[in-house]
Amino acid sequence: MMLMVLLSCLVTLIFLAVVAWALIQINNHLAAIGGTPESFLAKLRLGLRAIEKQTSHLPPMLEQTNTVLASIKGGLPILANNLTPQAVTGEKND
């Protein structure tokens, strides 16, 4: 009985040691990706921030553009009717 308890404790300690070693390895790999200001992740973050600043003025302009396009949409059927060839419709275009 005492041998089983000691073996269980030993196996548990080995398991915890392996988990700790694996977490340290994972941490080392992640530090290489994004742990320093010169890392790939930091450079990517800087680039995304620059894109965000450069495109921050677009939403107000797009709302205005959508309003203009909605008004143009109303005239498109009339334009399509005027551009339809007379031979196809049999009607005269005005």
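The values are calculated or read from the model by the stated rules, or taken from the named source; none is laboratory data. In this text the structure is predicted, and so the values were computed from the model without any measurement. Virtual Cβ from ideal backbone geometry, glycine too; neighbours counted across all protein chains shown.
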> Within region 85-93, can one find any residue that is at pLDDT 80 or above and in a helix (DSSP H, G or I)?
Replying inline: no
> Does region 33-40 contain at least one residue that is in a helix (DSSP H, G or I) and modelled with pLDDT of 85 or more?
Replying inline: no
> Among the residues of region 71-82, is there at least one that is outside any helix (DSSP H, G or I), exposed (fewer than 10 other Cβ atoms within 10 Å of the Cβ), within 39 Å of the chain's Cα centre (by Cα) and of a type outside the set (A, V, I, L, M)?
Replying inline: no
